[in-house]
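Q: Right, I'll just put the structure down here and ask away after.
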Amino acid sequence: MLGAAISMAWAASPAMAASAQVDHARPEAVVEAALACAKQQDFTCTARLMDPAALADFRRTLGPAFAESAADPGLDSLFGADSAKRAKEMDDAEFLAQVLSRVKRLGLVRIDSATVAASVAEGETGYHAVVRIAGDFGWPESAATVVDLVSLRRVQGQWWLQPGLEAQVMIDGLKQARMRDLGRKAERTPGEAGD
């Protein structure tokens with residue numbers, strides 16, 4: 001749950017300007033900032049803490065659909081009317097944040113507390129924190145405490161969030177769906193050679 005919200009760059013990138021106040025030299029500081037973003041359900045804040053390569057990968061996965069699908073109701077439900085134009089104007093972090101904000105109902109409605117229960121370094125470039133989240137799912141008697149894993153990767157001396165399992169499954173699913181769609185188009189469109 002939180003992995004999708006925390007799931008899903010360098011100083012020259014617009015996505016990094018907003019996270020400049022976070023000490024990216026310390027993984028603990030990035031985890032603390034991510035928990036604060038999640039508690040506020042601020043997906044733009046969360047996305048700006050993410051690895052720029054992961055943001056770009058997500059954008060590459062979903063982005064081409066906008067160029068090919070004018071007035072697609074599915075895309076318009078994510079980005080509003082004129083989705084292709086709106087998506088093009090967003091940086092990679094805003095793009096992911098927009099998608100996450102539309103699927104946030106899959107996660108906690110309210111986070112009351114979020115704390116780090118344990119953490120472990122994985123060599124020089126990996127860091128994982130086990131977080132305990134207490135919140136409310138939004139229906140009667142739905143208060144619960146859940147445990148999730150937040151992973152970071154060190155890139156050029158800076159620590160960045162990595163997509164959680166849910167976000168990675170979503171990205172992989174989008175990639176597979178895209179490959180199927182391209183395969184169907186290729187079957188319907190006669191090839192240039194041999195026709």
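Q: Return the pairs, sorted by first residue and then second, in which the second residue is open to solvent by less than 90 Å² (accessible area, probe 1.4 Å), the first residue lies in the range 139-165 and is hydroxyl-bearing (Ser, Thr, Tyr), the beta carbons are less than 6 Å apart, and the residues are 6+ apart or on different chains.
A: The qualifying pairs are SER142/ASP136; THR145/ALA134; SER151/HIS128; SER151/GLN162.
Q: Ok, one more. Just one of (1) at pLDDT 60 or above; (2) surrounded by 18 or more Cβ atoms within 10 Å (Cβ to Cβ); (3) out of contact with any Pro (no Cβ under 7 Å at 6 or more places or on another chain) trips up ASP23, so point out which.
A: Answer for ASP23: the failing condition is (2).
Q: Please count how many residues of the range 143-167 are open to solvent by less than 30 Å² (accessible area, probe 1.4 Å) and among the hydroxyl-bearing types (Ser, Thr, Tyr).
A: Selection size over the range 143-167: 1.
Q: If you don't mind, another one. What about LYS175, is it of a type outside the set (Asp, Glu) and at pLDDT below 75? Walk me through how you get there before you give the answer.
A: Values: of a type outside the set (Asp, Glu): yes; at pLDDT below 75: yes.
Yes.
Q: Among the residues of the range 38-60, write down those that are closer than 10 Å to GLU94 by Cα and open to solvent by 50 Å² or more (accessible area, probe 1.4 Å).
A: Scanning the range 38-60 gives a single hit, THR44.
Q: Restricting to helices (runs of 4 or more DSSP H) lying wholly in the range 35-126: which have 3 or more residues that are modelled with pLDDT of 80 or more and over 19 Å from the mean Cα position of the chain (by Cα)? Don't jump to the end; show me each part of the working.
A: Working: elements: 43-47, 52-62, 64-68, 73-79, 83-89, 92-103.
Filter on the range 35-126 gives an empty set.
The values are calculated or read from the model by the stated rules, or taken from the named source; none is laboratory data. For clarity, every value in this text was computed on a predicted model and none was experimentally measured. Here Cβ is always computed from backbone atoms with ideal geometry, including for glycine, and neighbour counts include all displayed protein chains. Please note that ligands, DNA and RNA were not included when accessible areas were found on the heavy atoms of the full protein model with its side chains. Shrake-Rupley method; radii C 1.70, N 1.55, O 1.52, S 1.80 Å.
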